[in-house]
Amino acid sequence: MKSVTLTIIANMTSNYGESLGNVASVQKVFKKGKTYATRSRESLKNAIMIESGLYDDLEVSVDGATQKVVSDEINAATCRALEGGYMNTKVGKDGRTCIRNSSIYLTDAISCEPFILENRFHNNLHLATTFAKANNLNVQNDAKATGLMPYNYEYDKNMKIYSLTIDLTKVGIDENFNTKADNKERCERVIAVLNAVESLNLVVKGNLDNAEPLFVIGGLSDRMTHQFENVVSVHGGKLKITPDLKNRLEKGYKAALLEGENFENEFEIIKELNTISVSEFFDNLRSEVKAYYEV
């Protein structure tokens, strides 16, 4: 076994791409002739790194480019923030370029259903009114002077599917500096990521978004790939249970379901996939990771 591979279905909002004036639009992808809202892998990874605490020791330098600080003393073995990978073009006195790929791989979180435009309209009327009262202005007559600004944005929150794979053989190792963290530290990093995924929260437009798994499948694997990426799909609120999905599940993996009528075929999922609870799934996985690192 050399990796942890998971495919997760969660109810989460999309992140935002380009804005035009005071209009913000969600990120989208086009596939199979339809448009789907997404949360990009970069956004998802950043949220997981922050919530897991792996970014707590992040150091950044700005010298022509914004880069993670890397040195003989600060590298992937000694600094958890560098577990997500880095490229630094000014390492050491000779200013050499060092690249260390991430040991944590994610896919985009793509909506299960095609995108349906839902606009939300807002304004800062209370702030503008407060300023107007303090400065003897009228919001209607002096809208610009009071800073009154209407704005709107696209909104999307529904089931999204994403996959996560962690290279257990690479965690805590930095070949650029021939350094390696001890197994206890390596194990703690992996478990921190799993803890973050189990209770993932996202802050979007100032709102707290519960993105915990509604369904998760996977486990320890001898392959470095998103094992279930191509066999997990949802249509019409139902998880598709196919022979390929069941065959892969039988090769030493587990599936877990957060019961609560999130899927139209919840009873079928429990019966056909022999699911366990999400908390039990992650407890078992954490134990397997500890056994892998012998801690």
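All of the numbers you see were taken from the coordinates with simple rules; none came from a lab. This one's a predicted model, so the numbers in the text were calculated from it and none came from an experiment. Please note: Cβ atoms are built from the backbone with ideal geometry, for glycine as well, and neighbour counts cover all protein chains shown.
For Y151 and K251, calculate 0.36 nm times their separation in residues minus their Cα-Cα distance, and state this gained length in nm to one decimal.
Length difference between fully extended and current span is 30.9 nm.
By average Cβ neighbour count within 10 Å, what is the ranking of 165-172, 245-252, 115-122, 7-14 from highest down?
7-14, 165-172, 245-252, 115-122
Which of V139, P213, S163 sits farthest toward the positive end of the charge dipole of the chain, with +1 on the Cβ of Lys and Arg and -1 on the Cβ of Asp and Glu?
Comparing the listed Cα positions along the dipole, V139 ranks first.
Placing +1 on the Cβ of each Lys and Arg and -1 on the Cβ of each Asp and Glu in the chain, which of H235, Y253, V197 has its Cα farthest towards the positive end of the resulting dipole?
H235
Considering amide H positions built from the backbone, and no H for Pro or chain starts, which residues 5 or more places from T35, or on another chain, come under 5 Å of its amide H?
F115
Give, rounded to the nearest 20 debye, the magnitude of the charge dipole that the chain has about its Cα centre when Lys and Arg contribute +1 at Cβ and Asp and Glu contribute -1 at Cβ. Numbers along the way, then the final one.
Details: 35 positive and 40 negative charges, 140 e Å.
The dipole of the chain has a size of about 680 debye.
If R₀ is 35 angstrom, what is the calculated FRET efficiency for the pair R41 and N123, using the beta carbon separation as r and rounding to 0.05?
Working: r = 33 Å, r/R0 = 0.95.
Calculated transfer efficiency: 0.55.
On a full-extension model of 0.36 nm per residue, what is the gain between S71 and N183, subtracting their alpha-carbon distance, rounded to one decimal in nm?
38.1 nm is the gain from fully extending S71 to N183.
When you count, for each residue, the other Cβ atoms within 10 Å and take the mean per peptide, how do 76-89, 202-215 rank with the highest first?
76-89, 202-215
Report, in debye and to the nearest 20, how large the dipole of segment 191-243 comes out about its Cα centre when Lys and Arg carry +1 and Asp and Glu carry -1 on their Cβ.
200
Which residues' amide hydrogens lie under 5 Å from the amide hydrogen of K254, considering only partners 5 or more residues apart or on another chain, with H built in the peptide plane?
G218
For labels at L137 and V295 in the simple 7 Å Cα→Cβ model, what's the distance in nm?
Here the answer is 5.6 nm between the modelled labels.
So if we plug the beta-carbon distance of K34 and N265 into 1/(1 + (r/R0)^6) with R0 = 25 Å, what FRET efficiency do we get, rounded to 0.05? Numbers along the way, then the final one.
Details: r = 22 Å, r/R0 = 0.89.
Given R0 = 25 Å and the Cβ-Cβ separation, E is 0.65.
Which cross-chain or sequence-distant (5 or more) residues have an amide H under 5 Å from the amide H of E229, H modelled 1.01 Å from N in plane?
none
Roughly how many nanometres apart are two label points built 7 Å out from the Cα toward the Cβ at D63 and T225?
4.3
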